Amino acid sequence: MMDSNIIKKLEEIVGKDSLTTREEDLHCYSFDGTGKAYLPEVVAYPQNTEQVSNIMKLANEYNFAVVPRGAGSGMTGGAVPLKGGLVMAMSKLNRILEIDVDNQIAVVEPGVVTGDLQKEVKKVGLSYPPDPASLKYCTIGGNAAECAGGPSAVKYGVTKDFILGLEVVLPSGEILHTGARTEKSVTGYDLTRLFVGSEGTLGIITKIFARLLPLPVHKETFLVESTSLKAATEMVAKILNANITPRTLEYMDKTAISIVRDKLTNPPPETVEAMLLIELDGEETAVLAQTERMKALFAGLEDFTIKHAQTEEEVNDMWQARRSISPSTFNLRPNKISEDVAVPRSRIPELVEYTEKLAKEYGLIILTFGHAGDGNIHVNMMLDRSDIKQAMAGKKAVDLLFKHAVKLQGTLSGEHGIGISKAPYLTFELDETTIKVMKSLKQLFDPNNILNPGKIFPQTAE
Amino acid sequence: MLSKTAKEQLIAITGKDRFSDAVEILTCYSYDSFLEEAMPEAVLFPVSTKEVSEILQVASAHKIPVTARGAGTSVCGAPIAVNQGIVLCFTKMDKIIEINTPDRYAIVQPGVINGELQRALAPEGFFFPPDPGSMNFSTIGGNVALNAGGPRCLKYGVTVDYVLSMEVVLASGEVIRFGSRNIKDVTGYKLSALFCGSEGTLGIITELTLRVVPCPETAQTLMVTFDELDNTAKSVSDIIGSGILPVAIELVDKVGMNALENALHQDLPTEAAGTLLIEVDGIKESCEREIEKITDILKKNHAVSIIKATEEADRNRLWAARRAAYGVFAKIAPDILSEDVTVPVSKVPEMVRSINSTIGKYKLKGGVLAHAGDGNMHPFICADRNDKEEWAKVEAAFKEIFTDAAALHGTLSGEHGIGLAKTQFLPLVMDEASRKFLTTIKRAVDPDNILNPGKLV
């Protein structure tokens, strides 16, 4: 427990204005996108790296938990203060420190909103590609901690591919600098990629050297309707193997289509089993050439209708279908289990088939949609938790889904992370020795287990 | 010395055929492409993960240093057994286990030669992008251990970007597996990042799942000459700044080009102060458009001549000289020291100037090659190590080059690794806390310091 002595010391570090213990404030920092909530005892808003370091030193001295937090939009409980203690809100470390146009690098603090960074670099003709669905409010620090993905990953890669270096405060309070301002560096161990995706369990990111790319100047958007799910997923491979690299290759199944139908200006016919949202970007000649090729792939195929957006309005309409899925799911049932397993692309049809089987057997409504281009499929199971039978069935179905994904050579999470929601399933994918090594790293970095405790690793094994 | 018991236990694992402590054999495993040499006490040729695990259990019990070795092409001394002990040579673990083009991965043992993997992928229309200069003889295991780069890494990224999953034997002999066959995977810590590039100091790689990508349908190559090195370097930063991402932009200076011509007689542009080799790939229409744009930039920067090659044979001809570079330079003098400092791309002109002025100041024979598009410079100096006075100058020159690169926000090594060669210079680019932390990790993973001791940290 944190006594007034600790609170006083914390006030001395961050200033009275940058600390709160008021219950109504604490509630705002208790939950994330999972809906799971645990109340912290105090929220601190550091304004510089030194303060972060001093808080960690204090946490070690008085043995309280510290949970770094960006916007709290995580999907697996990464920012939830499971063991109480202190939530370190990064909202005051939110400056873009530098945009180096010549070397295409941005130096930013962790609290910068991803969308804001994208807007700023766009002004100088550059882009920061990672685009998680939450980009309008999530922070780059949170993205780095979780190694966030997004639709553009199929062409550009995920967050780890856009981080050149980091400033990190270790649980001991020591300040570490990793990586370099160069595209290539093999000087020492690659700690940058180790911290990225470590879900705030190994260190607190206080500065990020982000890699930028030239802004793509041209874009074409397509919506493909298919009367066969299998044909649609096979088409994904055909497109990618035809030397076409879309920036977006999203798919949605029949259930997903059915819930967004009434939001569309031109809803697809009832016979449509799957839709693909495809976007090409880059230099104009290249985009137009790829457009021709892609249209040629669909020519004469009865299973498919391809629509090519001609106006910005049509583009928005096409995206409307994809964007409306998540919010519309709750029209089906009040609760959702949202998973983001990834499988090798050729196994997508098997995965989808299996979810249909699960839905039938367990009386759940299951929809699948997402990043077909990289095999990262969002499986949403809709249920009513107040119905104990459904709640139990949901739990069982998740268990089976993970087992099956691993059996298909897939992984538990493509972009959301493990956090608390997937920790119990870690052993499905990683063997005991590997988990032991990961835990020994955690132990090495954070011997007192004060930094974001209770995440990633199954609790029973502790 | 390897005790009798240890030796017996090791032979019991591999059999007599795959164990050797004969001096004439050990000598072959005492060096790489760097300058140092050290004789191991024994060399073993495991054929399976199980054998590697058993060998490490013996090594742990007797605290015998273990140095993993692929083809020994490292240029930083990474596979040199400086503390003796045993060399684990992976030439017999050289199988391609699976190639899966629909899901775009290949599963290989560490001893597979990079070039062989390329040849196995080519008929399927795929390739493995990392292309170190040694690709025709270096092994994938060595490439991953050192996080190797190469010319086309400018567009495609380096080795770590292509490692999906690894099987690694720890110092204790325990076997761990992490990653999966999926491009997106955030399950647990990214251990592949830690082990890739760790130069055999954290674990021994026994199997790799690698990402492979489809071959581009076309490529075009330009050879461009300049009468000023500054214009050459400026063109590089202008091209990158314009938003085009070529596969490779290689820079060769006058010293380098003359050495190449003397050895190869290919009618190379020996008068040019700087020469660029630029390649773009992708779909035909965009290649052409990119070449047009690049040509405009080159002309603005006063390019003297521009030769374009579209056919594969012609492109190979342009590349032949660049690919031969290391071998040619190594013959200029008894020894060659080639480093790979890397700077942000806008600093390429400044770094090239600074390297040349340093080499000039010490009156040494040398010059600069570079994977210029990603700022990865290869300054080289040819000298005789037995000439103590001259060699002292070589060392002083490189110290200056490292210092200058660090001052330009650069790093010591872009692709070769730290190994033996550069440990002393780490303080230039890494503060004490960060250096100490590398050691902390090393100690935690390998408490008895038996894995490739004396390297990297």
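The values are calculated or read from the model by the stated rules, or taken from the named source; none is laboratory data. Values in this document were obtained by computation on a predicted structure and should not be read as measured data. All Cβ positions, glycine included, derive from the backbone under ideal geometry; neighbour counts span all protein chains shown.
For first residues located in the stretch B:239-255 and part of a helix (DSSP H, G or I), partners that are of a type in the set (A, V, I, L, M, F, W, C) and lie 6+ apart or on another chain with Cβ distances below 6 Å form the pairs B:239/B:294; B:239/B:297; B:240/B:345; B:254/B:273. A single entry from B:372, B:383 fulfils the requirement of being of a type in the set (A, V, I, L, M), touching a helix residue (DSSP H, G or I) at 6+ places or on another chain (Cβ under 9 Å) and within 12 Å of chain A (Cβ to nearest Cβ): B:372.
Identify the single condition in (1) surrounded by fewer than 20 Cβ atoms within 10 Å (Cβ to Cβ); (2) outside the structural domain of residue A:165 (by TED's automatic domain parsing); (3) out of contact with any Asp or Glu (no Cβ under 9 Å at 6 or more places or on another chain) that residue A:46 does not satisfy, given that it satisfies every other one. Single failed check for residue A:46: (1). Exactly one residue among B:149, B:173, B:133 is touching an Asp or Glu at 6+ places or on another chain (Cβ under 9 Å), touching a residue at least 12 places away in the same chain (Cβ under 8 Å), more than 24 Å from residue B:50 (Cα to Cα) and not in a strand (DSSP E or B), and that residue is B:149.
Of all positions in the stretch B:388-396, at least one carries a residue that is acidic (Asp, Glu) and within 23 Å of the chain's Cα centre (by Cα). Here is the figure for the stretch A:375-407: residues that are acidic (Asp, Glu) and in contact (Cβ under 8 Å) with a residue 40 or more places away in the chain total 1.
Evaluation of residue B:278 against the conditions (1) touching a Phe, Trp or Tyr at 6+ places or on another chain (Cβ under 9 Å); (2) within 26 Å of residue B:134 (Cβ to Cβ); (3) crowded, with 21+ Cβ neighbours inside 10 Å shows that the sole unmet condition is (1). Only residues that are in contact (Cβ under 8 Å) with a residue 12 or more places away in the chain and either of a type outside the set (Val, Ile, Thr) or assigned by TED's automatic domain parsing to the domain that holds residue B:57 (or both) were counted across the stretch B:423-444, and they come to 6. In this structure, does residue A:184 turn out to be without any contact (Cβ under 8 Å) to a residue 60 or more places away in the chain and basic (Lys, Arg)? Answer is yes for this residue. On inspection, residue B:452 does not qualify as surrounded by fewer than 22 Cβ atoms within 10 Å (Cβ to Cβ) and more than 8 Å from chain A (Cβ to nearest Cβ).
Can you go through A:329, A:355 and tell me which one is buried (at least 16 other Cβ atoms within 10 Å of the Cβ) and either within 14 Å of chain B (Cβ to nearest Cβ) or in contact with a Ser or Thr (Cβ under 6 Å, 6 or more places away or on another chain) (or both)?
Details: A:329 fails: either within 14 Å of chain B (Cβ to nearest Cβ) or in contact with a Ser or Thr (Cβ under 6 Å, 6 or more places away or on another chain) (or both).
None of the other options fit; the residue is A:355.
Number of residues in the stretch B:255-287 that are touching a Gly at 6+ places or on another chain (Cβ under 7 Å) and not β-branched (Val, Ile, Thr): the value is 1.
Step by step: first the residues of the stretch B:171-197, then only those that are touching a strand residue (DSSP E or B) at 6+ places or on another chain (Cβ under 9 Å) and of a type in the set (Ser, Thr, Tyr), then the one that is surrounded by the fewest Cβ atoms within 10 Å (Cβ to Cβ). Which residue is that? Once the filter is applied, the top-ranked residue is B:192. Of the strands (runs of 3 or more DSSP E) lying entirely inside the stretch A:140-229, those carrying at least 2 residues that are facing chain B (nearest Cβ under 7 Å) and within 29 Å of residue B:373 (Cα to Cα) are A:175-179. When the test is whether a residue is of a type in the set (A, V, I, L, M, F, W, C), surrounded by fewer than 18 Cβ atoms within 10 Å (Cβ to Cβ) and either closer than 30 Å to residue B:246 by Cα or within 14 Å of chain B (Cβ to nearest Cβ) (or both), residue A:288 passes it. Say whether the condition of being over 26 Å from residue A:244 (Cβ atoms), assigned to a loop (DSSP other than H, G, I, E, B) and basic (Lys, Arg) is met by at least one residue in the stretch B:187-197. Yes, there is a match, as at least one residue in the stretch B:187-197 is over 26 Å from residue A:244 (Cβ atoms), assigned to a loop (DSSP other than H, G, I, E, B) and basic (Lys, Arg).
Filtering B:419, B:360, B:367 for residues that are among the small types (Gly, Ala, Ser) and surrounded by fewer than 19 Cβ atoms within 10 Å (Cβ to Cβ) leaves a single hit, B:360. For the stretch B:211-224, the candidate set comprises residues that are outside any loop (DSSP other than H, G, I, E, B) and surrounded by fewer than 24 Cβ atoms within 10 Å (Cβ to Cβ); within that set, the residue that is nearest to the other protein chains (Cβ to nearest Cβ) is B:214.
One residue is enough: does the stretch B:386-397 have a residue meeting the conditions out of contact with any Gly (no Cβ under 9 Å at 6 or more places or on another chain) and within 11 Å of chain A (Cβ to nearest Cβ)? Don't jump to the end; show me each part of the working.
The first filter runs over the stretch B:386-397 and keeps only residues out of contact with any Gly (no Cβ under 9 Å at 6 or more places or on another chain), leaving B:386-393, B:395-396.
Retained after the next criterion (residues that are within 11 Å of chain A (Cβ to nearest Cβ)): none.
No; the residues of the stretch B:386-397 include none that is out of contact with any Gly (no Cβ under 9 Å at 6 or more places or on another chain) and within 11 Å of chain A (Cβ to nearest Cβ).
Let's see how each residue does on (1) among the hydrophobic types (A, V, I, L, M, F, W, C); (2) within 24 Å of residue B:418 (Cα to Cα):
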{"site": "B:124", "(1), (2)": "no, no"}
{"site": "B:136", "(1), (2)": "no, yes"}
{"site": "B:143", "(1), (2)": "no, yes"}
{"site": "B:153", "(1), (2)": "yes, yes"}
{"site": "B:173", "(1), (2)": "no, no"}
{"site": "B:199", "(1), (2)": "no, yes"}
{"site": "B:204", "(1), (2)": "yes, yes"}
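Taken across the stretch B:94-106, residues that are over 12 Å from residue B:210 (Cα atoms) and crowded, with 18+ Cβ neighbours inside 10 Å do occur, with at least one present.
Out of all the residues in the stretch B:4-40, which are in a helix (DSSP H, G or I) and either of a type in the set (Asp, Glu) or in contact with a His (Cβ under 6 Å, 6 or more places away or on another chain) (or both)? Listed by number, the residues that qualify are B:6, B:8, B:17, B:24.
In the stretch B:199-218, which residues are of a type in the set (S, T, N, Q) and at pLDDT 95 or above?
Step one: list which residues in the stretch B:199-218 are of a type in the set (S, T, N, Q), which gives B:201, B:206, B:209, B:218.
Result: B:201, B:206, B:209.
Scan the stretch A:269-287 for residues that are touching an Asp or Glu at 6+ places or on another chain (Cβ under 8 Å) and within 16 Å of residue A:229 (Cβ to Cβ) and jot them down. If the condition is that a residue be touching an Asp or Glu at 6+ places or on another chain (Cβ under 8 Å) and within 16 Å of residue A:229 (Cβ to Cβ), then A:269, A:272, A:273, A:274, A:275, A:276, A:277 are the ones that fit.
Which residues, counting only those in the stretch B:436-449, are among the β-branched types (Val, Ile, Thr) and within 8 Å of chain A (Cβ to nearest Cβ)?
Initially, the stretch B:436-449 is screened for residues among the β-branched types (Val, Ile, Thr), giving B:439-441, B:445.
Hits for the stretch B:436-449 are B:440, B:441, B:445.
Residue B:203 falls short on exactly one of the conditions (1) more than 17 Å from the chain's Cα centre (by Cα); (2) within 14 Å of chain A (Cβ to nearest Cβ); (3) of a type outside the set (A, V, I, L, M, F, W, C); (4) surrounded by fewer than 24 Cβ atoms within 10 Å (Cβ to Cβ), and that condition is (4).
A single member of A:232, A:296 is in contact (Cβ under 8 Å) with a residue 24 or more places away in the chain, in a helix (DSSP H, G or I) and of a type in the set (Gly, Ala, Ser), and it is A:232. Scanning the stretch A:89-109 for residues that are touching a residue at least 24 places away in the same chain (Cβ under 8 Å), more than 14 Å from chain B (Cβ to nearest Cβ) and assigned to a loop (DSSP other than H, G, I, E, B) turns up A:90, A:91, A:92, A:93, A:94, A:109.
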